[in-house]
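Some notes on the structure that comes next.
The values are calculated or read from the model by the stated rules, or taken from the named source; none is laboratory data. In this text the structure is predicted, and so the values were computed from the model without any measurement. Positions of Cβ are generated from backbone atoms using ideal geometry, with glycine treated the same way; all protein chains shown enter the neighbour counts.
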Amino acid sequence: MANILILGAGSMGTAFSFPCSDNNHQVAIVGTHLENDFIDQINSNNKHPVLNCDIPKNVKFFKFEKLSEEIKKKVDLIALAVSSKGIEWASDEISKVLKSKIPILILTKGLAINNNNYEILAHKVERILKTKGVKDINISAVGGPCLAPGLANRVHSGVVIANKNLDAAQSLSDILSTNYYHVSTSSDINGVEVCAAIKNIFSMVIGASSGLNKTKSKGNFHLNTSAALVKQSIFEMEVFVDFLKGKKETVKGLAGIGDLYVSASGGRNSRMGALIGEGMTFSKAKSNIMPDTTVEGAELIFEIGNKIKEDFNEKKLPLMIAMINAILDDKKLVIKWENFN
């Protein structure tokens, strides 16, 4: 039995506690400093209000002020389940109380820019911890198609845990795998993290497929378009992953095609893409229809879009650049089909 601490009381952090709990591990979920009221609500009725599920008996929720106290309880694993914007904050906070070598698993998906270079979140966390004096750092990242509501309902879900040390990834797989949470491993942490992040951009493009056509039919004619966009998305993901020193074959796995399939089939990114495909600008769609929704693909574009345009052109990444232009310039989506591979 292990003691697992999850930082972040949102949907994914809570859903991740289910396979942990089902393996008889003790789980402490510590909310961020913004989740105090949320924690009170959960503890008052033992139910997660967003996932609408009962909390397992061996999962306990604590307010952020208890982080130091909980980490001192011989924690065997720390899972980061904050937003991509919160990764720097989370890294800084755990560095204040992290005194021994505790494996860290990043559930968050995203990419950052540091000194005008792309930076996967595992490297970002490692960099921040090292600057704070934390040594002997062991960081893994999880990728793959695993929506929180499904995981909380114990549906069969396949994920991949990546660590440059494959034995470390396998150790986590042994701790976390259940008869429904199927964990594979990879040493390609660059490829897994890059796929997990950029698939959100391509999910937006694929989501735009219906609106890109002039037909007003209620049929599924847009599936022709979707298929063409999926094929080009996979090609461009391979180009980008290779550029960031990941393995192209990772794109063909759970972190790439698998996660792209789930994200493009529905959810926030594809919904925003559908609105943009119909001719709306991002700002209009965001303010009028999705004002309170975080669109990860758009957030990623604001973070790395200009850097991508420095490194690539429309002939190399026509789909990616098209969506970046639509978001950054707040204009209609224009895809140059003639540049497809």
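Structure notes:
- In region 126-138, the residues that are of a type outside the set (Asp, Glu) reach residues that are not in a helix (DSSP H, G or I) with C-beta atoms within less than 6 angstrom, at least six apart or across chains, in these pairs: 129/137; 134/98; 138/103.
- Meets criteria (in contact with a Lys or Arg (Cβ under 9 Å, 6 or more places away or on another chain) and closer than 20 Å to residue 15 by Cβ) for residue 54: yes
- Inter-residue pairs, beta-carbon under 6 Å, first at positive phi and assigned to a loop (DSSP other than H, G, I, E, B) and in region 325-336, second hydroxyl-bearing (Ser, Thr, Tyr) and at pLDDT 95 or above, 6+ apart: 330/281; 330/283
- Output for region 1-50, where each listed residue is under 21 Å from residue 94 (Cβ atoms) and in a loop (DSSP other than H, G, I, E, B): 2, 8, 9, 10, 25, 31, 32, 33, 34, 35
- The single condition from (1) closer than 28 Å to residue 255 by Cα; (2) of a type in the set (Asp, Glu); (3) without any contact (Cβ under 8 Å) to a residue 40 or more places away in the chain that residue 76 fails is (3).
- Selection count where residues are farther than 26 Å from residue 51 by Cβ, modelled with pLDDT of 95 or more and small (Gly, Ala, Ser), scope region 119-170: 3
- Residues of region 70-101 that are within 22 Å of the chain's Cα centre (by Cα) and assigned to a loop (DSSP other than H, G, I, E, B): 81, 82, 83.
- Complete set of residues in region 315-324 that are in a loop (DSSP other than H, G, I, E, B) and surrounded by 17 or more Cβ atoms within 10 Å (Cβ to Cβ): 317
- For residue 146, the conditions (1) within 23 Å of residue 307 (Cα to Cα); (2) hydrophobic (A, V, I, L, M, F, W, C); (3) part of a loop (DSSP other than H, G, I, E, B) all hold with the exception of (1).
- Restricted to region 208-273, the set of helices (runs of 4 or more DSSP H) holding at least 3 residues that are under 15 Å from the mean Cα position of the chain (by Cα) and in the same structural domain as residue 290 (by TED's automatic domain parsing) comprises 259-265.
- Within region 145-166, the set of residues being closer than 18 Å to residue 8 by Cβ and of a type in the set (A, V, I, L, M) comprises 147, 148, 151, 152, 159, 161.
- Residues that are in contact (Cβ under 8 Å) with a residue 40 or more places away in the chain and part of a loop (DSSP other than H, G, I, E, B), drawn from region 281-300: 281, 294, 295
- Test result for residue 188, surrounded by fewer than 17 Cβ atoms within 10 Å (Cβ to Cβ), acidic (Asp, Glu) and over 23 Å from residue 26 (Cα atoms): no
- Only one entry in 84, 11, 91, 95 is assigned by TED's automatic domain parsing to the domain that holds residue 149, within 23 Å of residue 295 (Cβ to Cβ) and touching a helix residue (DSSP H, G or I) at 6+ places or on another chain (Cβ under 6 Å), namely 11.
- Residue 303 being more than 21 Å from the chain's Cα centre (by Cα) and in a helix (DSSP H, G or I): no
- Some residue of region 87-103 being crowded, with 16+ Cβ neighbours inside 10 Å and either touching a Cys at 6+ places or on another chain (Cβ under 6 Å) or closer than 20 Å to residue 199 by Cα (or both): yes
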